[in-house]
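Student: First, the structure itself, so that you have it in front of you.
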Amino acid sequence: MPEHIKLFIPGPIEVRESILQAQVKPMIGHRGKPFEQLFASTQSKLRAVFYTSKRVLVSTSSGTGMWEGAARNCVTDNPATGVLATVCGAFSERWADVFERNGKTTTVISVAEGKAIKPEQVADAIKAHPAPFDAIAIVHNETSTGVMNSLADIVKVVKELSPETLILVDAVSSLAGVKIDFEGLGLDVLLTSSQKCFGLPPGLAFAAVSDRAMNRAKGIKNRGYYFDFVELESFLVKNNTPATPAISLLYALDQQLTDMLTEGLDARFARHAHLADLTRSWALSRGYALFAEPGYESQTVTCVSNTRGTDIGALNKYLATRHMNLSDGYGSLKGKTFRIAHMADLQEADMQELFSAIDDWG
Ligand SMILES: *Cc1c(COP(=O)(O)O)cnc(C)c1O
């Protein structure tokens with residue numbers, strides 16, 4: 001057994017012991033009644049967490065798989081339309097790359113790291129494009145910079161200027177930590193992975209998909225195989241999956257969803273907001289700054305500007321002796337920033353434990 005280090009990194013996040021234990025059950029076949037019951041039980045609760053009455057597709061993959069699924073099922077091969085990818089950091093840049101590598105015409109708009117995508121910029125891109133985009137891709141919470149984009153403001157301009165454009169949202173590091181009302185906002189794809197705000201081990205990805213996105217998919221010829229939304233849906237209606245799913249993880253998911261709904265979604269979101277406040281206050285009071293543009297600081301992960309020149313590698317070595325771990329900056333932001341996740345099932349006491357340890361180090 002590896003030593004238990006409490007994870008304050010933005011994925012995989014700390015998983016509670018009872019959730020780890022929920023996986024340890026005898027294996028069942030995925031073509032029998034007990035599996036159908038398990039899958040149905042997760043589906044009804046997933047719909048509550050995604051605020052949808054329609055469908056939440058489940059794949060045995062990380063979130064990146066659903067990125068590819070959204071690209072292949074929602075964007076046509078018409079070079080005149082394509083996708084508008086909004087880039088504000090490393091993850092949104094990678095999703096743009098996924099569209100390109102799947103042969104989709106990709107128009108990119110971007111902002112400097114630490115900045116948020118603004119609705120005016122999206123409006124300008126839509127107006128400048130001769131044909132309506134098939135889809136727009138938005139990363140709600142850019143995990144590399146700690147920026148949380150204003151989904152409602154961006155969605156509003158898309159609905160006004162280009163109502164036929166599908167709205168694809170990556171909420172990998174925010175869904176289940178922040179309220180995202182799929183139907184209320186009128187989104188078309190809302191995807192996430194298991195190892196972030198869901199507080200599960202990695203290995204599952206989820207995507208709420210609208211009826212109009214399903215209809216778009218049906219008209220697209222080369223949807224691929226593993227992430228074909230039409231295929232996933234045709235099995236989902238029978239409480240099943242096309243290929244063998246990660247059954248042990250589904251046991252953990254079922255337990256975790258029950259626990260989330262018992263905590264109450266609003267209480268869960270309020271806890272995330274509170275932990276974000278605590279983390280920002282701690283950072284500012286110690287002479288650090290926040291990397292995210294004011295007003296767009298993430299509720300689930302704080303990206304701290306390393307204004308004190310702290311040696312993050314050395315800090316993490318010390319934290320390991322206290323059985324904790326945080327994240328250095330992502331990519332080019334390494335050393336210049338560091339990141340503290342306050343997501344999933346972390347509590348105020350966990351954050352205080354981390355802050356005291358950092359303070360002790362100096
Ligand atoms: C972690 C992350 C991803 C990648 O998800 P995987 O589950 O690792 O494939 C994508 N987008 C964002 C915003 C993320 O934080």
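Student: Of all the residues that make up the range 173-206, how many are within 12 Å of the ligand (Cβ to nearest atom) and assigned to a strand (DSSP E or B)?
Tutor: Going through the range 173-206 one residue at a time, the tally reaches 6.
Student: Now, a different point. Looking at the structure I just gave you, is residue 322 of a type in the set (D, E, K, R) and over 30 Å from residue 263 (Cβ atoms)?
Tutor: no
Student: Quick check on residue 145: is it hydroxyl-bearing (Ser, Thr, Tyr), more than 30 Å from residue 42 (Cβ to Cβ), modelled with pLDDT of 95 or more and away from the ligand (no atom under 12 Å from the Cβ)?
Tutor: The answer is no for residue 145.
Student: For residues in the range 287-307 being polar (S, T, N, Q) and not in a loop (DSSP other than H, G, I, E, B), which is surrounded by the fewest Cβ atoms within 10 Å (Cβ to Cβ)?
Tutor: Residue satisfying both the conditions and the ranking: 305.
Student: Is there a residue being in the same structural domain as residue 213 (by TED's automatic domain parsing), surrounded by fewer than 24 Cβ atoms within 10 Å (Cβ to Cβ), polar (S, T, N, Q) and in contact with an Asp or Glu (Cβ under 6 Å, 6 or more places away or on another chain) anywhere in the range 80-87?
Tutor: yes
Student: Search the range 58-91 for residues being more than 19 Å from the chain's Cα centre (by Cα) and of a type in the set (Val, Ile, Thr), and hand back the single one that is nearest to the ligand (Cβ to nearest atom).
Tutor: Going through the qualifying residues, I end up with 83.
Student: Also, I was wondering about something else. Within the bounds of the range 308-331, is there any residue that is without any contact (Cβ under 8 Å) to a residue 24 or more places away in the chain, aliphatic (A, V, I, L, M) and not in a strand (DSSP E or B)?
Tutor: The answer is yes, given that some residue of the range 308-331 is without any contact (Cβ under 8 Å) to a residue 24 or more places away in the chain, aliphatic (A, V, I, L, M) and not in a strand (DSSP E or B).
Student: Residues in the range 92-106: is at least one farther than 24 Å from residue 216 by Cα, within 17 Å of the chain's Cα centre (by Cα), modelled with pLDDT of 95 or more and within 16 Å of the ligand (Cβ to nearest atom)? Step through it out loud before you land on a result.
Tutor: Residues of the range 92-106 that are farther than 24 Å from residue 216 by Cα, as a first pass: 93.
Those left that are additionally within 17 Å of the chain's Cα centre (by Cα): 93.
Next, only the ones that are modelled with pLDDT of 95 or more stay: 93.
Then drop every residue that is not within 16 Å of the ligand (Cβ to nearest atom), which leaves 93.
Scanning the range 92-106 turns up at least one residue that is farther than 24 Å from residue 216 by Cα, within 17 Å of the chain's Cα centre (by Cα), modelled with pLDDT of 95 or more and within 16 Å of the ligand (Cβ to nearest atom).
Student: Also, I was wondering about something else. For the range 261-279, indicate whether the set of residues that are without any contact (Cβ under 8 Å) to a residue 12 or more places away in the chain and either of a type in the set (Val, Ile, Thr) or not in a helix (DSSP H, G or I) (or both) is non-empty.
Tutor: First, the residues of the range 261-279 that are without any contact (Cβ under 8 Å) to a residue 12 or more places away in the chain: 262-264, 267, 270, 277.
If we keep only those that are either of a type in the set (Val, Ile, Thr) or not in a helix (DSSP H, G or I) (or both) too, we end up with 262, 264.
Taking every residue of the range 261-279 in turn, at least one turns out to be without any contact (Cβ under 8 Å) to a residue 12 or more places away in the chain and either of a type in the set (Val, Ile, Thr) or not in a helix (DSSP H, G or I) (or both).
Yes or no, residue by residue, for (1) under 18 Å from the mean Cα position of the chain (by Cα); (2) within 16 Å of the ligand (Cβ to nearest atom); (3) without any contact (Cβ under 8 Å) to a residue 60 or more places away in the chain:
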{"site": "9", "(1), (2), (3)": "yes, yes, no"}
{"site": "19", "(1), (2), (3)": "no, no, no"}
{"site": "22", "(1), (2), (3)": "no, no, no"}
{"site": "41", "(1), (2), (3)": "no, no, no"}
{"site": "48", "(1), (2), (3)": "yes, no, no"}
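Student: Still on this model: Hey, residue 13 hits all of (1) of a type outside the set (Ser, Thr, Tyr); (2) more than 16 Å from the ligand (Cβ to nearest atom); (3) assigned to a loop (DSSP other than H, G, I, E, B) but one; which does it fall short on?
Tutor: (2)
The values are calculated or read from the model by the stated rules, or taken from the named source; none is laboratory data. Computed from a predicted model, the values in this text were never measured in an experiment. A quick note on method: Cβ atoms are made from the backbone with ideal geometry, for glycine too, and the neighbour counts reach across all protein chains shown.
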